[in-house]
Amino acid sequence: SAVISQKPSRDICQRGTSLTIQCQVDSQVTMMFWYRQQPGQSLTLIATANQGSEATYESGFVIDKFPISRPNLTFSTLTVSNMSPEDSSIYLCSVLNSGAPEYFGPGTRLTVT
Amino acid sequence: GESVGLHLPTLSVQEGDNSIINCAYSNSASDYFIWYKQESGKGPQFIIDIRSNMDKRQGQRVTVLLNKTVKHLSLQIAATQPGDSAVYFCAERGAVKSGAGSYQLTFGKGTKLSVIP
């Protein structure tokens, strides 16, 4: 399986600021995704990160709030913009290759004060 | 959208016993199912998956059963160990289609498994 790392692993941020989360994979992957997991909850897909084009967002998530980049097949970033306490969550990236399960990174634990 | 849910939010089992975690899904078009284990402070870890053309698949100490008639999925853990304590999520994926969301997983709410030593 792919080895996935995320930076930062956790952060405490002030409301109104933005945080960019990085996701690095040790091998090229077809698809990369970003999820949010609110405290004690399940996972909700934010968007699919597309290489070289705009991300595909799920209902309830917009590019202005969660801009995503994917410059190549091993790296993606998610920015949480203009943060509020409601954005306090775990943010997870995942990767998928054809015929393989979806694998998750360790997550970024964000607290907004 | 379609939902995937779990029958029991918490499950406590004695060490050495077998555990069964259940999951109901509502999308009859789902063709792929997967179980994840999430330990505290970590990302979800893949356990086992199954395609809709199968009704059973076995791994190391784990078995997934799929009953498409009643849209039910279960994860069986044999000889449960303290290291199995975690939250377990089932997830499903609909039949692959074109456009956005083709590979989207829909997650259930999760079951917390506690192993009593």
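State the three equivalent ellipsoid semi-axes of chain B, derived from the C-alpha gyration tensor as the square roots of 5 times its eigenvalues, in descending order and whole Å.
25, 15, 12
Can you grab the distance from the C-alpha centre of the stretch A:59-113 to the C-alpha centre of the stretch B:32-86, Å, no decimals?
Comparing the Cα centres of the stretch A:59-113 and the stretch B:32-86, I get a distance of 25 Å.
So how far apart, in nm, are the two label points at A:GLN14 and B:GLN76 if each is 7 Å from Cα heading toward Cβ?
Label-label distance for A:GLN14 and B:GLN76, simple model: 5.7 nm.
Let me see the pair-distance distribution of the stretch B:34-100: every alpha carbon pair, 5 Å bin width, integer percents in order.
Cα pair-distance distribution for the stretch B:34-100, in percent: 4, 15, 25, 22, 16, 11, 5, 1, 1.
Can you tell me the relative contact order of chain A? Whole percent, Cα pairs under 8 Å, sequence separation 6 or more.
36
Kindly work out what percent of the DSSP beta bridges joining two residues of the stretch A:4-112 are antiparallel, to the nearest 5.
90
For A:SER88, which sequence-distant residues (separation of 5 or more, or a different chain) have an amide H within less than 5 Å of its own amide H, given hydrogens modelled in the peptide plane?
HN-HN under 5 Å from A:SER88: A:VAL112.
Given contacts defined as C-alpha pairs under 8 Å and at least six residues apart, what's the relative contact order of chain B, whole-number percent?
Working: 290 pairs, mean separation 42.9, N = 117.
This gives 37 percent for chain B.
For the protein assembly as shown, give the magnitude of the charge dipole about the Cα centre (Cβ charges: +1 Lys/Arg, -1 Asp/Glu; no others), in debye to the nearest 20.
80
Report the Cys residues of chain A lacking a disulfide-compatible partner, meaning no second Cys Cβ under 4.7 Å from their Cβ.
A:CYS13
Which distance in nm do the two modelled labels at A:LEU73 and A:GLN38 give, with both placed 7 Å along the Cα-to-Cβ direction?
3.7
Calculate I(q)/I(0) for the stretch A:4-112 by the Debye formula, one identical point scatterer on each C-alpha and no solvent, and give its log10 at q = 0.21 Å⁻¹ to two decimals.
Each listed q corresponds, in turn, to -1.13.
In a shell of Cβ-Cβ distance under 14 Å around A:VAL112, excluding A:VAL112 itself, what net charge do Lys and Arg (+1) and Asp and Glu (-1) give?
Within the 14 Å Cβ shell, the charges total +2.
With each label point set 7 Å from Cα along the Cα-Cβ vector, what nm distance links B:ASN27 and B:LYS68?
With each label point 7 Å from Cα toward Cβ, the separation is 1.6 nm.
Mind counting lysine pairs for me in chain B? Cα separation below 18 Å, and the two need to be 8 or more apart along the chain or on different chains.
Lysine pairs, 8 or more places apart or on different chains, close enough: 7.
Before anything else, pin down the relative contact order of the stretch B:32-100: Cα pairs under 8 Å, at least 6 apart, normalised by residue count, whole percent.
Details: 105 pairs, mean separation 24.1, N = 69.
With pairs under 8 Å counted, the relative contact order is 35 percent.
Treating the Cα atoms of the stretch A:60-109 as identical point scatterers in vacuum, please give the log10 of the normalised Debye intensity I(q)/I(0) at q = 0.16, 0.19 Å⁻¹, two decimals.
With no solvent term, the Cα-only Debye profile gives -0.58, -0.78.
Report, to one decimal in Å, the Kirkwood hydrodynamic radius for the protein assembly as shown based on all distinct Cα pairs.
18.2
Laboratory data are not the source of any read-out in this text; all were calculated from the coordinates shown. Remember, it's a predicted structure, so these values are computed and weren't measured experimentally. Cβ atoms come from the backbone with ideal geometry, glycine included; neighbour counts cover every protein chain shown.
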